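Scroll down for the structure; my scribbles are underneath it.
The values are calculated or read from the model by the stated rules, or taken from the named source; none is laboratory data. Just so we're clear, the structure is a prediction, and the values are computed from it rather than from any experiment. Cβ atoms come from the backbone with ideal geometry, glycine included; neighbour counts cover every protein chain shown.
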Amino acid sequence: MEKTLRGIGVSPGIAIGPALVFDVGRFEVPEYRITDTKAEWARLARAMSAARVELEELHRRTSKELGEVHAGIFNAHLMLLDDVMVLDQVKEQLESEKLNIECLLARVTRQFQQQMEQIDEARFRERAADLVDVTDRVLRHLLKTEHPDLGQVRTACVVVAHDLSPSDTVSMDKENTVALAVDSGNVTSHTAILARALEIPAVMGLLNASNHVQPDTMMIVDGTLGIVIVDPSRETLARYEAAKQAYSEEQVRLRHALETTPGKTRHGVPIETQANIELPIELAHSRRAGAHGVGLYRTEYLFLNRGTVPTEDEQFEAYADAARALVPFPVTLRTMDIGGDKFVAHLQIFKEDNPQLGLRAVRFCLERPDIFKTQLRAMLRATVHGNVQIMFPMISGVQQMREVKAVLAEVMDELREAGIPFDAKVPVGSMIEVPSAVMLTDLLAKECDFFSIGTNDLIQYSLAVDRVNERIAHLYEPAHPAVLRMIDMTARAAKKAGIPCKLCGEMAGDPLYTELLLGLGVTSLSMSAVSLPVVRAEISRIHMGKARKMARKAVNLATASDVLQLLDKHAGERRSIHPSARDGASHGL
Ligand code: PEP
Ligand code: MG
């Protein structure tokens, strides 16, 4: 019987297909006595070399598709495969207890896992998870259980899972995996980021959907609205087939329109529209979508899923590649924003009670100048390969901006001394995403070449609503008048100082807010590449004079619903002038 589930739409689009229920690692490990310990040890060696072949292949494939930096996780797994401490203990117990090898391997790993989890440090918890992942791979070979390899899927399917690890996600068959429906996770989880990067519709945060979906049940995933329909009726199926067709026709139409309306308002005012990227693969997507460069490169993703900090050269390659690929457009390299909900296992991030208010972004960088300076060196070296800009996240005031700029100046001096070329005039900007920075934008503007408003965090910090907490998601209101006044204040200060006021939070990718943002004085919008066509189309319908008037009205309204009513009214008027306009569906911020 048809059932509709609501989750969080993390990657837009509609897909229909039978469910592939991905249930990893839930297998029984038997325990029995053995006599030939040598034969048992040889069985383990064979299983380990089979696992090694798989990991090497995964490393090769990921490196090709997503870049070497993201393939690093499999190198970490390969190292764990040889963990001498685990193997020594397994061997000892094999000799003394004469039990089957899979039972001993599972037991020893569990002991190590428990010890590591007791240490109150993220890197040990993540290392424990990696150890279990690798051991499961070896156990599957010993027990000859089939690992549901998403890379081997040969017919189109919707992957339904309780949780999807990054290694499962990067290894899946991109042709046949038409959508993801996942119980856990949210917009900022790594799997969500990857789904968007790979342009696969996805809904996450479905709680326990995977327990109720039978394999091969027909599924509809609407990643734009965050809806999953299990076992749809014939009518629903027909309706969604039509919606899916309309969606892809609309994408084609918008892409085509992009070529003829390259980001200008109705009367020809050019508006810069850029892409946000996390993975190297997104460079191609953003170019295809006609982005005017990259307005936000979330460089912290280079630091995730690997056991070590990427070297200066590794980072330099990634930044220079992006710069070269985008010429003549700019790439805005944001220094790493780790901490908060983005833990990096191998960096010493201690468990914090309020991680969103904790040692995050530039706060972390100023505590670890070694890591920070390496990143800045790599960024500066990349400046001679294209049009590079550098941006700092989570700046809370003038003092902090001066501190990060002082480190940048130090690194410039070091490069100069070493005779390494770089562009000393590289534009340097501050993200505006902390309310205290908004209040000081008149002074901060003197320290910056540009502002970029990070509405994701600005909304979280100004309304005191944790952006990853589903239980208070209804309080997370981009249209809140206080948020609009903050954007207004920032844009005015930027204009007065003669610097661009960009915006790179999720609001930039929602056509519902385009007119309002331009009316408030935002000069450039940066978003996921998938949102570029619809936002560009919206820009082409906007009359700047009317947008400014509407924005003035909006900042004087009392509530978010008043603002939303005003936005609806204006969208309706634009649609009546341009009947071909899309619904302007919100991407569910
Ligand atoms: C933001 O906060 O709006 C932003 C763009 O940065 P992030 O989502 O990476 O915190
Ligand atoms: Mg932010």
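Numerical summary
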read-out	value
Tally, over the range 214-233, of residues that are under 21 Å from Ala195 (Cα atoms) and not in a strand (DSSP E or B)	4
Number of positions in the range 442-473 that are away from ligand 1 (no atom under 16 Å from the Cβ), more than 21 Å from Pro330 (Cβ to Cβ) and in contact with a Phe, Trp or Tyr (Cβ under 9 Å, 6 or more places away or on another chain)	0
Test set (1) at pLDDT 95 or above; (2) away from ligand 1 (no atom under 15 Å from the Cβ); (3) surrounded by 24 or more Cβ atoms within 10 Å (Cβ to Cβ) - Cys504 fails condition number	(2)
Selected residue (criterion: surrounded by the most Cβ atoms within 10 Å (Cβ to Cβ)) from residues of the range 314-335 that are assigned to a loop (DSSP other than H, G, I, E, B) and more than 16 Å from ligand 2 (Cβ to nearest atom)	Phe329
Of the criteria (1) touching a Pro at 6+ places or on another chain (Cβ under 7 Å); (2) within 16 Å of ligand 1 (Cβ to nearest atom), which one Val522 fails	(1)
Residues of the range 345-364 that turn out to be outside any loop (DSSP other than H, G, I, E, B) and either within 14 Å of ligand 1 (Cβ to nearest atom) or at pLDDT 95 or above (or both), as a count	7
Residue within the range 241-252 that is touching a residue at least 60 places away in the same chain (Cβ under 8 Å), under 25 Å from the mean Cα position of the chain (by Cα), more than 15 Å from Cys157 (Cα to Cα) and not in a helix (DSSP H, G or I) present	no
Test result for Ile119, of a type in the set (Val, Ile, Thr), within 30 Å of Glu199 (Cβ to Cβ) and under 35 Å from the mean Cα position of the chain (by Cα)	no
Residues of the range 382-404 classified as part of a helix (DSSP H, G or I) and out of contact with any helix residue (DSSP H, G or I) (no Cβ under 7 Å at 6 or more places or on another chain), total	3
Unique residue being β-branched (Val, Ile, Thr) and buried (at least 21 other Cβ atoms within 10 Å of the Cβ) when the list is Thr311, Thr299	Thr299
Test: residue in the range 377-397 that is among the small types (Gly, Ala, Ser), within 16 Å of ligand 2 (Cβ to nearest atom) and under 30 Å from Met116 (Cβ atoms)	no
Selection status of Glu175, on the phi > 0 side of the Ramachandran plot, within 22 Å of the chain's Cα centre (by Cα) and at pLDDT 80 or above	no
Residue list for the range 438-468, filter: within 16 Å of ligand 2 (Cβ to nearest atom) and more than 30 Å from Gly386 (Cα to Cα)	Val438, Leu458, Ile459, Gln460, Tyr461, Ser462, Leu463, Ala464, Val465, Asp466, Arg467, Val468
Ser286, sole failed condition from (1) within 16 Å of ligand 1 (Cβ to nearest atom); (2) at pLDDT 85 or above; (3) assigned to a loop (DSSP other than H, G, I, E, B)	(3)
Looking only at the range 253-283, and only at residues there that are assigned to a helix (DSSP H, G or I) and more than 15 Å from Val535 (Cβ to Cβ), the one that is nearest to the chain's Cα centre (by Cα)	Glu282
The range 113-138, subset under 14 Å from His77 (Cβ atoms) and hydrophobic (A, V, I, L, M, F, W, C), residue modelled with the highest pLDDT	Val138
Condition check for Leu408: in contact with a strand residue (DSSP E or B) (Cβ under 9 Å, 6 or more places away or on another chain), closer than 18 Å to Ser452 by Cβ and either modelled with pLDDT under 95 or crowded, with 16+ Cβ neighbours inside 10 Å (or both)	yes
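Condition check ((1) within 26 Å of Ala494 (Cβ to Cβ); (2) more than 16 Å from ligand 1 (Cβ to nearest atom); (3) touching a residue at least 40 places away in the same chain (Cβ under 8 Å)) across all residues:
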{"position": "Thr374", "(1), (2), (3)": "no, yes, yes"}
{"position": "Val384", "(1), (2), (3)": "no, yes, no"}
{"position": "Met391", "(1), (2), (3)": "yes, no, yes"}
{"position": "Ile395", "(1), (2), (3)": "yes, no, yes"}
{"position": "Lys405", "(1), (2), (3)": "yes, yes, yes"}
{"position": "Leu408", "(1), (2), (3)": "yes, yes, no"}
{"position": "Ala418", "(1), (2), (3)": "no, yes, no"}
{"position": "Ile432", "(1), (2), (3)": "yes, no, yes"}
